[in-house]
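Please read the structure below before turning to the comments.
The values are calculated or read from the model by the stated rules, or taken from the named source; none is laboratory data. Since we're looking at a predicted model, the values are computed, not measured. Cβ: placed from backbone, ideal geometry, glycine included. Neighbour counts: every protein chain shown. Heads up: the accessible areas ignore ligands, DNA and RNA and are worked out on the full protein's heavy atoms, side chains in. Shrake-Rupley method; radii C 1.70, N 1.55, O 1.52, S 1.80 Å.
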Amino acid sequence: MRVALGVSGGVAAYKAAELVRKLQQEGLDVQVIMTESAREFITPLTFAALTGQKVITEMFGGEAHSSANVESAIEHIAVAQRIDLLAVAPATANTIAKMARGVADDFLTTLYLATTAPVVVAPAMNVNMWEHAATQENVETLRARGVHVVPPEEGYLACGMTGAGRLASVDAIAAAVMGRLGIAHDLQEETIIVTAGPTCEDIDPVRFLTNRSSGKMGYALAQAAVRRGAEVILISGPTRLDPPQGVQFVSVRNTEQMHRAVLAHFPRATALIMAAAVADYRPVALQTKKMKRVSGRLNLELEPTVDILADAARGKGDRVLIGFAAETENVAEHARGKLESKQADLIVANDVTAEGAGFDHDTNVITLYSRDGSEKAFPRMPKIDAAHRILDQLRALRQATGQAAAAERAR
Ligand code: PMT
């Protein structure tokens, strides 16, 4: 998701650098826009270095602007269309006044008028300016329009006075941004193991049995869970993906290693999501030397691997266990069968023959099968969105098990 961060001119402008970092850690892409007076307090270079993107400082492209530079002249419209949220922090009394009155005399205030994305404003100023009737009226006007105002804190101010006016904490502003983006920190209590990718069962030093899993679904789940405040242990078979920021990453190769890693982290986990495509069979014997071609057919003897999900279910406690079912036919029947055979709380079925679903796609088409007999089908959506729908269900299941345990204790 892409956030435009407007920085206006105040001593607290330097804190915007910390806010950029925090939003990036939440997985957001940040485009910084600075007013002219903000540049008196902090240089655009600081934000450019942090974001790796050009900082927008001028309405018409500044010195580089020429009459032929049409792109630059309409950049505010392009940015307005690209962003998912506009945050202004710190917001001075002047910027707030311009936003309230619809004055569009610089890039930031023009963007405010041009965007339909949600807006978060974090004011910072001298206490008298904050308490002035004009500022309070302007803030109320913004609130009435649906702007989320993160009120300034009380404390010692740069001007030497004490009172309300200090920029709210970076955490409070980031929480408001995440809240408006619909990314709540509602999994803060959870420690979630997510498995992802394929397993590789070696035949000899150069050959192995594997499958087409790219890891995208599992990595999306890990990323979404971190964003929602969970502690995440991502146990992954070999993939080409970079682990999402903020996860504890465990790299494994085969089913046996994945099994061991899941069991090692299981005692402190509150949920397990098995998105990995785990091998059901492995060669009975691992050849230490490269197997030579033989004349005629070659038979490879396979033995079943351990069923990781079913094994974890034996020591389940009040953990929530979620399995996947990658199916090519009779999806509902097989998914319900796996609910039972693996004693899972939820099976996420994907018909891997459907367009844009399953292996290696950036999208998935999922149906959630629960133990109470209910099922929820979702249309094709990006894997990150599918991940959020699965985590919504995980949260509901955890709440239900918590309530059941409380009722049991009360008896
Ligand atoms: O990685 P991507 O390219 O994004 O593709 C995503 C996906 C298609 C791999 C994913 O959405 C998915 O369906 N993963 C599960 C695939 C699979 O192995 O399904 P299954 O029906 O064979 O297994 C059922 C469940 O048991 C799965 O949760 C699996 O992780 C688990 N299992 C299977 C075998 C085994 N030995 N131990 C297990 O725990």
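Are any residues in segment 148-171 free of Cβ contacts under 8 Å to residues at least 40 places away in the same chain and among the hydrophobic types (A, V, I, L, M, F, W, C), and if so, which ones? Selection gives Val149, Leu157, Cys159, Met161, Ala164. Considering segment 172-214, and only residues there that are aliphatic (A, V, I, L, M) and over 21 Å from the mean Cα position of the chain (by Cα), the residue that is surrounded by the fewest Cβ atoms within 10 Å (Cβ to Cβ) turns out to be Val206. Those helices (runs of 4 or more DSSP H) of segment 100-178 in which at least 1 residues are closer than 30 Å to Arg228 by Cα, considering only elements entirely within it, cover 107-114, 133-144. Figure legend. Inter-residue proximity from segment 279-298: first residues basic (Lys, Arg), second residues open to solvent by less than 100 Å² (accessible area, probe 1.4 Å), beta-carbon distance below 6 Å, spacing 6+ or different chains. Indicated pairs: Arg282/Glu201; Arg282/Thr305; Lys290/Asp204; Lys290/Pro205; Lys290/Val206.
Candidates Ala261, Ala271: the one that is within 15 Å of the ligand (Cβ to nearest atom) and touching a helix residue (DSSP H, G or I) at 6+ places or on another chain (Cβ under 9 Å) is Ala271. Screening Glu340 against (1) touching an Asp or Glu at 6+ places or on another chain (Cβ under 9 Å); (2) over 20 Å from Gly215 (Cβ atoms); (3) within 15 Å of the ligand (Cβ to nearest atom) leaves a single unmet condition, (1). Contact annotation: residue pairs with Cβ atoms under 9 Å, 6 or more positions apart or on different chains, pairing a residue in segment 395-411 that is on the phi < 0 side of the Ramachandran plot with a partner that is open to solvent by 60 Å² or more (accessible area, probe 1.4 Å) and of a type in the set (D, E, K, R), are Arg398/Glu189; Arg398/Asp318; Thr401/Asp318; Gly402/Asp318; Ala404/Asp318; Ala405/Asp318. Of all residues in segment 178-221, those satisfying the criterion of being among the hydrophobic types (A, V, I, L, M, F, W, C), in contact with a Lys or Arg (Cβ under 9 Å, 6 or more places away or on another chain) and at pLDDT below 95 are Met178, Ile183, Ala184, Leu187. When the strands (runs of 3 or more DSSP E) confined to segment 185-224 are screened for residues that are more than 10 Å from the ligand (Cβ to nearest atom), among the hydroxyl-bearing types (Ser, Thr, Tyr) and in contact (Cβ under 8 Å) with a residue 24 or more places away in the chain, those reaching at least 1 such residues are found at 191-196. Here segment 234-263 is the region considered, the condition is being part of a helix (DSSP H, G or I) and not acidic (Asp, Glu), and the residue that is most open to solvent (accessible area, probe 1.4 Å) is Arg260.
Among residues of segment 286-318 being farther than 30 Å from Ser341 by Cβ and polar (S, T, N, Q), the one that is nearest to the ligand (Cβ to nearest atom) is Gln287. With respect to being at pLDDT 95 or above and either in contact with a helix residue (DSSP H, G or I) (Cβ under 6 Å, 6 or more places away or on another chain) or under 15 Å from Gly218 (Cβ atoms) (or both), Gly246 falls outside the description.
Scanning segment 322-347 for residues that are of a type outside the set (Asp, Glu) and either in contact with a Lys or Arg (Cβ under 9 Å, 6 or more places away or on another chain) or not assigned by TED's automatic domain parsing to the domain that holds Arg389 (or both) returns Gly323, Phe324, Ala325, Leu339, Gln343, Ala344, Leu346, Ile347.
Would you check which residues across segment 1-22 are surrounded by fewer than 23 Cβ atoms within 10 Å (Cβ to Cβ) and either touching a residue at least 60 places away in the same chain (Cβ under 8 Å) or part of a loop (DSSP other than H, G, I, E, B) (or both) and list them? Listed by number, the residues that qualify are Met1, Arg2, Gly9, Val11, Lys15, Glu18, Lys22.
Evaluating Ile96 against the criteria (1) closer than 14 Å to Ser8 by Cβ; (2) in a loop (DSSP other than H, G, I, E, B) leaves one unmet condition, (2).
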